[in-house]
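Asks: Please read through the structure below; I'll follow up with questions.
Only the coordinates and a few stated rules stand behind these numbers; no lab work does. Given the structure is predicted, the values throughout are model-derived calculations rather than measurements. As a convention, Cβ positions derive from the backbone with ideal geometry for all residues, glycine included, and neighbour counts pool all protein chains shown.
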Amino acid sequence: MKKIILFLLAISYAAAIVAQETFPVNGTSNKNHVIYAFINAKVIVDADQTIDNGTIVIKDGLIFSVGTKIPIPQGSVIVDLKGKTIYPGLIDAYTSYGMQETKRSSGGGYPQIESNTKGAYGWNQAIKAENDAIKNFTKDTKSAEEYRKLGFGAVLTFQKDGIVRGSGSVVTLSDNRENELILNEKAAAMYSFDKGTSAQDYPSSLMGSIALLRQTYLDASWYKSDKTKKEFNISLDAFNMLQSLPQIFESNDKLNALRADKIGDEFKVKYIIKGSGNEYQRLEDIKSTGCKFIMPVNFPIAYDVEDAYDANYVSLSELKHWEMAPVNLFAMEKNGVVFAITASDLKDKKDFWKNLRKAISFGLSEKQALLSLTSIPAEMLNLSDKIGKLKEGMIANFIITSGNLFDEKTIIYENWIQGNAYKINDYNTIDIRGNYDFSFGPERVLHQLKIEGELDKLKATLHTDTAKAAVNITVSGYSVSMSFNTINSNGTIRLSGNISSDPLKMNGTGQTPDGSWINWSANYSGTVIATVKKDSIKKDSLKKEAIKFGQVIYPFCAYGKQSDEREGFSKYVSDFKTRYDAVLIKHVTVWTNEAEGILKNQDVYITEGRIVRIADDIGAPKLAFAKVIDGTGKHLTAGIIDEHSHIALSSVNEGTQASSAEVRMGDVINSEDINIYRQLSGGVTTSQLLHGSANPIGGQSAIIKLRWGKSPEEMKFERADGFIKFALGENVKQSNWGDVNTIRFPQSRMGVEQVYYDAFTRAKEYEIKQKAYAALSEKAKATAVPFRRDLELEAVAEILNKKRFITCHSYVQSEINMLMHVGDSMGFKVNTFTHILEGYKVADKMKAHEAGASTFSDWWAYKMEVKDAIPYNAALLSKAGIVTAINSDDAEMGRRLNQEAAKAIKYGGLSEEEALKLVTLNPAKLLHIDKKVGSIKVGKDADVVLWSDNPLSVYAKVEKTIIDGQIYFDAEEDVKMRSAIQKERARIIQKMLEEKKSGAPTQKPVMKRKQLFECDTMQEDYLEIAE
Amino acid sequence: MRKLILLTLLVTSTFTFAQKSVLIMNGTAHIGNDSIIQNSLIGLKDGKIVLVADATTAKLDKSAYDEVIDAGGKHIYPGFIAPNSTLGLTEIESVRATNDFRETGTTLPNVRSLIAYNTDSKIIPTVRSNGVLLAQITPRGGLVSGTSSIVTLDGWNWEDAAYKTDDGIHINWPTIQSRKYLDEDNIYPGPFEKNKDYVKQTDLLKKLFADAKAYTESADKVEANLRFEAMKGIFSGTQTLFIHSNTVKEMVEAINFAKQNKISKVAIVGGKESWMITDLLKQNEIAVIISRLHDLPTYQEDDIDLPYKLPYLLQKGGVLYCLNNEGDMEAMNTRNLPFLAGTAATYGLTKEQALRSITLNTAKILGIDKSTGSIESGKDATVFISTGDALDMRSNNVERAFIKGRDIDLNNDQKVLYEKYKTKYGIK
């Protein structure tokens, strides 16, 4: 009794607090402090605690008490929920609920160099740190209803616009006044790689977005430490404020998730990553980020593959992703990745439960699903004391269901939010959707009745053999009425009757068009869409099932390989092995690229990634996993090195400013590019991935080994020097870009020179300032304007300090000469001129400057500046004593660089050995990696290629490409893979055909061709490119 | 009509003045029809090949020739033929003023490439010096691009370069799926999507051909229609209809279209997926002018060497085929035509079959095989001598070349610059 009094006291006390508000009332005040008590319910307190036959008492929007046999205050409305279940209201941590749609302002195609945001904001329009969701939020009844129907009670909402998107707010989905809906006005800081509505040119590329974000972190911390505050910057100020919040980063692909995490590591931020659904394709890497995720349940629908030709448009990765996407959440759960689940990304929110249940049927545990929809998002948003569980004092957000929330037949009756009830379905509603054996009238013909659609908007069709007729159907409680016309009916037949469950059936009577009464009955025969049946997959046997489903391959596209190579490719590709402890190639002609020249009938022994021995006769290795290759009649060369490549990149040009020295190609390596494999088949083992040539100072290069299957980070050439792309001539002055691109500096070769003088002058001053600041005493530093790190100038300064080296796109002699002059006067050397088609005209000057050359074999006549290009260039430069390479700049040509090198024999008469060096040792020298690769020498990396013929002959084919002693391309295995790909495709296509037959929706296949990057490629859709 | 007669007269009457007769001895002759004569005698006289014999067996009167070339250890080939080329119609791709291969409009059968063919293009001598001695100069764009002509790669002007005037009409079969561009200027390529105008475009072609045919057959021509006039040869069988198409569905429709219009001479240009329909092509005697071999496969899962082995797949399927070089930088790249054939030999064909794909097969498809395409007695003296295998860049080195018996200048601007700068640096 004492307790009850105490309770009552507490209630009145709480009421006194809640009672006041600021808004005037039109009419009489309608305050309602009625207490509700829900009794006899199964109460799911949280994923770990269930109270059978429990009670929940709520008042003033809060949970007052929860438990069994708890006292119910007098004057409560008592709701008996016998047989029903109460769950905590669900939380969606990734929505734009109640946000206005934003549109990109178009500048009519003209460049927009500066930000359009007027005021004391930062310089870049894509940094919208000041964007607070709370200020833009207005409740949206229609959208709220959509979420409520799914069981959601609270959401994180934010403006989905920009790279830094400002703060998101957590709001409830009740339709009270906005002021009462806000649970946390600044709940999280939001980020993405997508510049959104910003029409400002910079950034135009993925690596530009990353660079901008990096610089913003630096600027913000500089701004914070600057006590003098000579400028006020709303954006940076807001950015600093955001840092104390949970940080949420949107990724639209597994690789972008890894990229986001990498930025986080640099600035000591652990992002919560909004996932994309293909994380399973690089799960190990995803796991090792240690990030939490917010995961969509947006699974691709099947392709219509009935037309065998059209089916070719659907790639193996799409086929496999269709099959495996539903397993993503299970895979993450099993690997201990913490994630919330969101309804975001779904074209139709109504698919949420269907898809989530699908994920569960693929192994996701119901417990995990519940956690991911309740307490995990609550914790992510620092609201675990308010939402996500049914505990005393928390907000009264809960849903009342007919049973287990994750069960297909379960109905959500009511969704209570902040103590307000929203009715979803009548308590008496029975889910009658499904197929029925249906008969009516005296004929006793068996028809099929198909009922589908939403519970409150059922759609039914009558099937008699192949004939179909629409049926109007209305259900109210346990009664049902239908009307329809059949071919023979001469009018409308009307039926009414009762529904009974367990087993589900309907029967009753009705009238035919002529007025005679008939009997009818319908017996449930199964669900409409034959989704994967839960009981068909035993969770503990899921590993087996996964094999039947196909395996994850690395990378996730055709010619990808299963990760555990040594185990063999089991079901997918039999006995595919690449990882050996040793490889011995016997009786082969070795093109050493060393003083020894070409050695005939040699044995080459490779182990632990190195060339260990070259000799006449080497005995078979005694290691368990050793491979002996007969090289009789074959040729072994060092792996081909492409000095100028744009494969394996997600983005290539950030040409929006004259200098984009801050962008890094290493940020956007795309390990999933099929051209990596194709180039392996042409003997390429190392490539320099260059920024494009759209601006005088491009971005920082990445040097990779073509380790097909590995992650972007694992592909990088270890401890290679840093390089940077420069460019001269027509591309940087935008000569061939149309009439609108005449604004960005420079537009002439005269301007190009000034860009360099300006950049290097500023870089020198930057260094002076940096040193001056570093020399200050701690005391002086406290009052001085702090030093601001500038990543662009830092990269340029690295060139001056010989820590970064230039690869410069160039054509005509005047500009080549110019850059060497800039270099001589500013104190740097141009490491490599690339393309350099008029290099032969200034070979003497290049020699004096110690510049190298990387050129095309025979390209010319495609633009004005290559008018004097000659195929003798490589030979002339070589003979003039310049380290000369031949490069591809082209994904196709990259796989026959040996042939391009051979042209230097034809044009200019280089020896075969010298010609081969153009694509092996010489590019290695230009890239400063010749100590490790470029020749066949004991101790060097085992990056070698076995050719069927003289490697410079058009008739030579690559038989094996070996990197780090591992076989990455094997012509024999390639043939096996082709048939395995065919089989795997055929298997999934059969499945898709079944899916279509079952009546599931399908999409038409569309041809997708990956965009190939060359120097001048500019693109804005980089976010869509990840294939 | 009178004009046409005049033109034909001009073509046949050029260069009838006396030429030096030449005997090429002891070289390996690659005939072009799959056969080789290891130690050969080849006589050229009055613009024609007058002798093709095995030196080990034939008797010979050296004095009958003005010049005797000892080609011992060297190789002799019929002049290579580049079909479907824009050589001479463009000089510098990115400079609009130099481009003459595309006219505005959709159906332009009457637009003729020959008269825009610039014999003084600086690119042509660089192509000739790799063994390519004939080309089919072809307009581009629209649904019906226009009329091509075959030229020899020498000549003072287009009139005397003309080898077969107005040999065929080129149509671009509409694509069922087309690329969507992300911007208004069609610079940023986006994904492919269904071509909504496919039916409209094919209907336009069907109507054009039906109308042109009726016009041709009509006795009463009230007003002359230049477009229809230009198509006469297609229906009478004197011209070839070149259908540019790559995917199976489109090719099948295009073949049906040609059949319905009772067009006797048809060739597919492109034919990337033609290996999937070899029976259909064979049955209908439709040849394929294969798109540039040095290309990436269309689909990720395609055999990585699919473009390289396409000639082999057609050979196996019994389809007549030859190689062309359309694509990026195609004019300057024409000089690499021999190496496309070399690649075809690496990927399935024999070397002689590969040679055939740029000589006799091409001549057959273009309807000029009676007079050129192989080293056979009575054919034009269009041959060249290379010091090594001309299909391999490692050894392609053309020393002498003859077009209809004319001794061709193998120098070009690039060689001039080479010599100039060799001198500058004192390189030997």
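Asks: Determine the calculated [θ] at 222 nm for chain A from helices alone, applying -39500 (n - 2.57) to every DSSP H run no shorter than 4 residues and normalising by the residue count; nearest 500 deg cm²/dmol.
Replies: My calculation for chain A gives -7500 deg cm²/dmol from helical runs alone.
Asks: Just to confirm the number: angle between the C-alpha axis of helix A:141-150 and the first principal axis of chain A, 0 to 90 degrees, nearest 10?
Replies: So the inclination is approximately 90 degrees.
Asks: Further question: Tell me, what is the percent relative contact order of chain A, built from C-alpha pairs under 8 Å that lie six or more residues apart?
Replies: Relative contact order for chain A comes out at 11 percent.
Asks: Something else: Please figure out what share of the DSSP beta bridges in the protein assembly as shown is antiparallel and state it in percent, rounded to the nearest 5.
Replies: Details: 158 of 247 bridges.
Rounded to the nearest five, the antiparallel share is 65 percent.
Asks: Kindly provide the Kirkwood hydrodynamic radius of region A:713-820 in Å, to one decimal, from all pairs of distinct alpha carbon atoms.
Replies: Answer for region A:713-820: a Kirkwood hydrodynamic radius of 16.6 Å.
Asks: For peptide A:904-915, compute the average count of partner chain beta-carbon atoms within 10 Å of each residue's beta-carbon. Before the final figure, lay out each step's value.
Replies: Values: counts 2, 7, 10, 5, 3, 3, 0, 0, 1, 0, 0, 1.
Neighbouring Cβ atoms belonging to other protein chains average 3 per residue here.
Asks: Would you list A:HIS587, A:HIS646 from fewest to most Cβ contacts within 10 Å?
Replies: The fewest-first ordering by Cβ neighbours comes to A:HIS587, A:HIS646.
Asks: Neighbouring Cβ atoms within 10 Å as the yardstick, rank A:LYS350, B:LYS249, A:LYS733 fewest first. All intermediate terms of the calculation are to be shown ahead of the outcome.
Replies: Details: A:LYS350 14, B:LYS249 17, A:LYS733 23.
Least to most surrounded, the residues fall as A:LYS350, B:LYS249, A:LYS733.
Asks: Something else: On the principal axes of its Cα set, how long, how wide and how thick is region A:698-774? Give whole Å, largest value first.
Replies: 44, 43, 16
Asks: Let me ask something else. Rg and Dmax in Å for the protein assembly as shown, alpha carbons only: what are they?
Replies: Expressed in Å, the Cα Rg and Dmax of the protein assembly as shown come to 37.5, 137.
Asks: Something else: Enter the mean projected area of the convex hull around the alpha-carbon atoms of region A:118-243, in nm², rounded to one decimal.
Replies: About 9.0 nm², averaged over all directions.
Asks: Here's another thing I want to ask about it. Taking the Cβ of B:GLN239 as the centre, find all other residues whose Cβ is under 13 Å away and add up their charges (Lys, Arg: +1; Asp, Glu: -1).
Replies: My count for the surroundings of B:GLN239 gives +1.
Asks: Towards the positive end of the charge dipole of chain A, with charges on Cβ (+1 Lys, Arg; -1 Asp, Glu), say which of A:THR228, A:PHE723, A:VAL668 has the farthest Cα.
Replies: Among A:THR228, A:PHE723, A:VAL668, the one farthest towards the positive end of the dipole of chain A is A:THR228.
Asks: Further, regarding this structure: For region A:633-745, max minus min Cα coordinate along each principal axis, in Å, sorted largest first?
Replies: For region A:633-745, the Cα spread along each principal axis is 57, 30, 24 Å.
Asks: While we're here: What is the antiparallel percent of DSSP beta bridges lying wholly in region A:59-213, to the nearest 5?
Replies: 65 percent
Asks: In sequence order, what are the phi-derived ³J(HN,Hα) couplings for region A:946-958 according to the Karplus relation 6.51 cos²θ - 1.76 cosθ + 1.60 with θ = phi - 60°, rounded to whole Hz, with x for glycine and proline?
Replies: Per-residue couplings from phi come out as 9, 10, 7, 8, 3, x, 9, 8, 5, 8, 7, 10, 7 Hz.
Asks: Project the alpha carbons of region A:825-891 onto their principal axes and report the range along each, largest first, in whole Å.
Replies: 34, 24, 23
Asks: Average the reciprocal distances over every distinct pair of alpha-carbons in region B:219-259, invert the result, and give the Kirkwood radius in Å. Before the final figure, lay out the partial values.
Replies: Numbers: mean 1/r = 0.0817 Å⁻¹.
For region B:219-259, the Kirkwood estimate is 12.2 Å.
Asks: Enter the mean number of other protein chain beta carbons within 10 Å of the beta carbon of each residue in A:953-963, as an integer.
Replies: Mean partner-chain Cβ count within 10 Å for A:953-963: 4.
Asks: How far is helix A:2-18 tilted, in degrees, relative to the longest principal axis of the Cα atoms in chain A, given as a value from 0 to 90 rounded to the nearest 10?
Replies: Long axis of A:2-18 versus the principal axis of chain A: about 60 degrees.
Asks: Within chain A, which is the longest segment containing none of the chymotrypsin sites (Phe, Trp or Tyr not before Pro) that sit in a DSSP loop and have at most 12 other Cβ atoms within 10 Å?
Replies: Counting only loop sites that pass the neighbour cut-off, the longest clear stretch is A:626-1027.
Asks: Quick check on chain B: of the DSSP beta bridges with both residues there, what percent are antiparallel, nearest 5%?
Replies: Once the DSSP bridges in chain B are tallied, antiparallel ones form about 55 percent.
Asks: On to the next question. As an exercise, identify the trypsin sites (Lys or Arg not before Pro) in region A:86-144 lying in DSSP coil whose Cβ has no more than 10 other Cβ atoms within 10 Å.
Replies: A:LYS103, A:LYS118
Asks: In angstroms, what radius of gyration and Dmax does region A:908-969 have, counting Cα atoms only?
Replies: Gyration radius and largest Cα-Cα distance of region A:908-969: 12.3, 36 Å.
Asks: For the residues B:HIS244, A:HIS447, A:HIS821, what sequence is obtained by ranking on other C-beta atoms within 10 Å, fewest first?
Replies: The order, fewest Cβ neighbours first, is A:HIS821, A:HIS447, B:HIS244.
Asks: Further, regarding this structure: Percentage of Cα-Cα pair distances in chain B greater than 34 Å, rounded to whole percent?
Replies: More than 34 Å apart: 33 percent of the Cα pairs in chain B.
Asks: Can you tally the net charge around A:ASP616? Count Lys and Arg as +1, Asp and Glu as -1, for every other residue whose Cβ sits under 14 Å from the Cβ of A:ASP616.
Replies: 0
Asks: Just the C-alpha atoms of region A:302-438: what Rg/Rh do they give, with Rh taken as the Kirkwood radius?
Replies: 1.05
Asks: When you look at the Cβ of every residue in B:409-419, what mean number of other chain Cβ atoms sits within 10 Å?
Replies: For peptide B:409-419, the averaged partner shielding equals 3.
Asks: What's the local net charge at B:LYS351, with K and R +1, D and E -1, over the other residues with C-beta under 12 Å away?
Replies: Once all neighbours under 12 Å are counted, the net charge is -3.
Asks: Using only Cα atoms, tell me the angle between helix B:306-316 and the longest principal axis of chain B; keep it within 0 to 90° and round to the nearest 10.
Replies: For helix B:306-316, the angle is close to 80 degrees.
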